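Heads up: the structure comes next, in structure tokens.
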Amino acid sequence: GAGVSQSPSNKVTEKGKDVELRCDPISGHTALYWYRQSLGQGLEFLIYFQGNSAPDKSGLPSDRFSAERTGGSVSTLTIQRTQQEDSAVYLCASSLVGSAGEQFFGPGTRLTVL
Amino acid sequence: SQQGEEDPQALSIQEGENATMNCSYKTSINNLQWYRQNSGRGLVHLILIRSNEREKHSGRLRVTLDTSKKSSSLLITASRAADTASYFCATAQAQGAQKLVFGQGTRLTINP
């Protein structure tokens, strides 16, 4: 079956522009996570969705970042008024339940803010 | 901020040798997981060890967990060139949050 997919794979934008990153989780996975990975660093948690529960937004670095998950499936991470420090690889993961078990990762979106 | 710290940051060995990577963490955990990442993109889950387990094996992988020292190790035996990648430990905390907290990773290079 299909794994987690993300689009676009690469995005180059100018400082101050808004960007939208998309994640399609594995069908049937109720939990969805967004992480950010800066060059040569580990992954930084951003946000977590589990079913119809309120998302855990505790990792979002500023109010320029937001995410939604429509119909319990596809998720969009939006970054408004992008800054150069937003440049990173944004990774999405999904899992069967939010039980802190194995997570399945997408290939990521590499965002470059000029 | 990252909870985990991995040691070493980079490791280069000859094909056929064993590779050992270590991970330390700070808070009580539900489980600890190891992931592999090729070329800075998607991560692949390798193995999960629960807080009440001390050792786990999967193929050429051996993971240990010492909750008293808040540390874990990943051993890859009989390394192959294809094992070249970055390896990350990730902890699932004991209470509340479902997110994984990742270490900084170890960059492993296997020389043919």
Query raised in the report: Can you give the charge dipole size of chain B about its Cα centre, rounded to the nearest 20 debye, using +1 on the beta carbon of Lys and Arg and -1 on the beta carbon of Asp and Glu?
Result: 300
Query raised in the report: To the nearest Å, what is the center-to-center distance of segment A:52-114 and segment B:1-58, using C-alpha atoms only?
Result: 23
Query raised in the report: Of the residues B:Q33, B:Q98, B:Q14, which exhibits the maximal mean-square fluctuation in a Gaussian network model of chain B defined by a 10 Å Cα contact cut-off?
Result: B:Q98
**Report entry** Cleavage-rule hits (trypsin sites (Lys or Arg not before Pro)) in segment B:42-112: DSSP loop, at most 15 neighbouring Cβ within 10 angstrom
**Finding:** B:R54, B:R60, B:K69, B:R80
Query raised in the report: Under a GNM of chain A (C-alpha, springs under 10 Å), which listed residue has the highest mean-square fluctuation: A:R69, A:R22, A:R81?
Result: A:R81
Query raised in the report: Of all DSSP beta bridges in the protein assembly as shown, what percent run antiparallel (nearest 5)?
Result: 90
Query raised in the report: In segment B:5-111, carbon and sulfur make up what percent of the accessible area (probe 1.4 Å)?
Result: 43
Requested in this report: Between B:S71, B:S79, B:S12, find the one with the highest GNM mean-square fluctuation for chain B; connect C-alpha pairs within less than 10 Å.
Outcome: B:S12
Query - At least 50 Å² of accessible area lost relative to the chain alone, listed for segment A:39-54 with a 1.4 Å probe - result: A:L43
**Report entry** Å² per residue, accessible surface of chain B at 1.4 Å
**Finding:** 46
Query - Charged-residue dipole, Cβ positions (Lys, Arg, Asp, Glu), segment A:5-97 about Cα centre, Debye nearest 20 - result: 80
Report task. Go through segment A:4-10 residue by residue and turn each phi into a ³J(HN,Hα) via Karplus (6.51, -1.76, 1.60, θ = phi - 60°); whole Hz please, and just put x for glycine and proline. Result -> 6, 10, 9, 8, x, 7, 9
Query raised in the report: What shape does segment B:65-112 take by its C-alpha gyration tensor, where a ≥ b ≥ c are the square roots of the eigenvalues and a/c under 1.5 counts as rounded, a/b above b/c as prolate, and the rest as oblate?
Result: prolate
Report task. Please give the solvent-accessible surface of B:E15 in Å², to the nearest 10, using a probe radius of 1.4 Å with every protein chain present. Result -> 90
Query raised in the report: Name the residues of segment A:70-114 whose accessible area falls by at least 50 Å² when all protein chains are present instead of the chain alone, probe 1.4 Å?
Result: A:A100, A:E102, A:F105
Report task. Please give the contour-minus-distance gain from B:V44 to B:Q9: 0.36 nm per residue of separation, less the Cα-Cα distance, rounded to one decimal in nm. Result -> 10.7 nm
Query raised in the report: How high is the FRET efficiency between B:E55 and A:E14 when r is their beta carbon distance and R₀ equals 45 Å, given to the nearest 0.05?
Result: 0.30
Query raised in the report: How big is the B-A contact in terms of buried accessible area, both chains counted, 1.4 Å probe, rounded to the nearest 100 Å²?
Result: 1700
Query - Lysine pair number, Cα distance threshold 30 Å (strictly under), the protein assembly as shown, separation 8 or more or different chains - result: 18
Query raised in the report: For segment A:5-97, what is the relative contact order in percent, using Cα pairs closer than 8 Å and at least 6 residues apart in sequence?
Result: 39
Query raised in the report: How large is the accessible surface per residue of chain A, computed with a 1.4 Å probe and reported in Å² as a whole number?
Result: 47
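The values are calculated or read from the model by the stated rules, or taken from the named source; none is laboratory data. Just so you know, these numbers come straight off a predicted model, no measurement behind them. Quick reminder, even Gly has a Cβ in these numbers, built from the backbone with ideal geometry, and neighbours come from all protein chains shown. Ligands, DNA and RNA are stripped out before the accessible areas are found, and what is left, the full protein with its side chains, is counted by its heavy atoms. Shrake-Rupley method; radii C 1.70, N 1.55, O 1.52, S 1.80 Å.
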